[in-house]
1. Could you tally the net charge around Ser80, taking each other residue with its Cβ under 15 Å from the Cβ of Ser80, Lys/Arg +1 and Asp/Glu -1?
2. Expressed in nm to one decimal, what extension gain is obtained for the pair Gln126 and Asn17 from 0.36 nm per residue of sequence separation less their Cα-Cα distance?
3. State, in angstrom, two size descriptors of region 76-117 derived from its alpha carbons: Rg to one decimal place and Dmax to the nearest whole number.
4. Cβ under 13 Å from Ser95's Cβ, Ser95 left aside: what net charge do those residues give with Lys, Arg +1 and Asp, Glu -1?
5. Which of the peptides 88-101, 15-28 is most tightly packed, and how do the rest follow, judged by the mean count of other Cβ atoms within 10 Å per residue?
6. Check which residues have an amide H placed less than 5 Å from Gln56's amide H, if you skip close sequence neighbours.
7. Order the peptides 74-84, 54-64 from the highest to the lowest mean number of other Cβ atoms within 10 Å of their residues.
8. Given points 7 Å out from each Cα along the Cα-Cβ axis, report the Asp98 to Gln60 separation in nanometres with one decimal.
Amino acid sequence: MGQRNCHPQPGDLIAINRPGYQHWALYVGDGYVIHVTGVNSGSVEGRSSSKFVRAQVKKQLLKDVAGKNKWRVNNKYDRSYTPFPVKYIIHRAESCIDRNVTYNVLSSNCEHFVTLLRYGVALSDQV
């Protein structure tokens with residue numbers, strides 16, 4: 001569940017607290033996020049291996065992706081990188097829906113995916 005004062009805007013990065021790590025998604029409005037998730041085998045979230053796996057880009061309700069976990073808006077790279085215009089971010093994100101992507105916890109994870117959409121640079125400081 002999000003913080004009481006947490007009101008995401010389209011284009012915002014959402015950090016969802018999971019035990020030991022954060023799952024990342026991009027808020028696109030109307031309660032929906034776009035994020036990377038596992039293909040036919042649940043989630044790729046929390047994989048400790050650096051092995052490459054298949055994943056898929058999905059558009060889902062934030063409340064369903066977060067479940068009972070806390071989440072918050074976290075545009076932490078805005079001080080270092082200029083976000084693209086919101087319409088461009090959303091267009092880029094929506095063009096990825098249902099695409100299969102390669103997932104690697106070290107070089108191509110959920111945070112890399114959403115920061116690439118927002119800033120044009122794949123970033124993740126949790127690896």
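1. On the way: positive: Lys76, Arg79, Arg118; negative: Asp78, Glu111, Asp125.
Overall, the nearby charge balance is 0.
2. Values: separation 109, 0.36 × 109 = 39.24 nm, distance 1.22 nm.
Between Gln126 and Asn17, full extension yields 38.0 nm more.
3. That works out to 11.5, 31 Å for Rg and Dmax.
4. Values: positive: Lys59, Lys87, Arg92, Arg99; negative: Glu94, Asp98.
For residues surrounding Ser95, the net value is +2.
5. Numbers: 88-101: 14.8, 15-28: 19.6.
With the highest mean Cβ count within 10 Å placed first, the list reads 15-28, 88-101.
6. Hits under the 5 Å cutoff: Thr37, Gly38, Val39, Val101.
7. The most tightly packed comes first, giving 54-64, 74-84.
8. Each label point is offset 7 Å from its Cα along the Cβ direction, giving 1.7 nm.
We did not get these values from a lab; they are worked out from the coordinates using the rules stated. Source: prediction; values computed, not measured. Cβ coordinates were reconstructed from backbone atoms using ideal geometry, including for glycine residues, and neighbour counts include every protein chain displayed.
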